[in-house]
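Participant: First the structure, then my questions, so here it is.
The values are calculated or read from the model by the stated rules, or taken from the named source; none is laboratory data. In this text the structure is predicted, and so the values were computed from the model without any measurement. Ideal geometry is used to build each Cβ from the backbone, glycine not excepted, and the neighbour counts take in all protein chains shown.
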Amino acid sequence: MRTFDFAPLYRSTVGFDRLFSLLDQAETSAAWPPHDIEKVSEDGYRITMAVAGFAPDEIELTQHDTALLVAGQKKAQEGERQYLHRGIAGRTFRQTFNLAQHVRVTGASLENGLLTVELKREVPEALKPRRIAIGGSQAAVGQDNAPVQVTDRSAGQSKGQSKAA
């Protein structure tokens, strides 16, 4: 496995230390259980994990801020089984996914041994880009880019009107 030295980048960047630590984590991330991460739309994502042998009540999904924790722990079997070969892993797992801001879990399902977690990025309206009118003294509101009628409150007239009129 390759390792990267981010020290030269620390000298010329400010505020990217979290990004570098995420890159370090990704390099040493656990490969169990196997999983896929896919982009299904502009703001939609899906994580699919192979969790054969686990029941829905043996898997815990927790989202805390920008971290999604998926943990699985098999419950104790009632009765002793004697395995000649055990190829279906039932070991405890704990996998953490770092999410971008404003990404939240919208649903999860377990079918045919595959855990599917649906995610969606929902940027608040206040944080979306908006066009600012040039020359106006009123602040732009939301996504409305219509021309704004600017009035001179001291004279009680619109700027386009003359005082003689």
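Participant: Could you check region 68-136 for strands (runs of 3 or more DSSP E) lying wholly inside it with 3 or more residues that are without any contact (Cβ under 8 Å) to a residue 24 or more places away in the chain? Before you say what the answer is, go through the steps one by one.
Facilitator: Details: elements: 93-98, 103-111, 114-121.
Counting at least 3 such residues, we get 103-111.
Participant: Then there is this: Do we find that Q82 is more than 29 Å from E122 (Cα to Cα), modelled with pLDDT under 95 and of a type in the set (S, T, N, Q) in this structure?
Facilitator: yes
Participant: When only residues in region 54-67 that are among the β-branched types (V, I, T) and in contact (Cβ under 8 Å) with a residue 24 or more places away in the chain count, which is farthest from G113 (Cα to Cα)?
Facilitator: It comes out as T66.
Participant: Considering Q73, Q95, which residue is surrounded by 10 or more Cβ atoms within 10 Å (Cβ to Cβ) and in contact with a helix residue (DSSP H, G or I) (Cβ under 8 Å, 6 or more places away or on another chain)? Let's see the steps before the verdict.
Facilitator: Details: Q95 fails: in contact with a helix residue (DSSP H, G or I) (Cβ under 8 Å, 6 or more places away or on another chain).
Just a single option satisfies the conditions, and that option is Q73.
Participant: For region 45-63, name all the residues that are at pLDDT below 90 and in a strand (DSSP E or B).
Facilitator: Within region 45-63, no residue meets the criteria.
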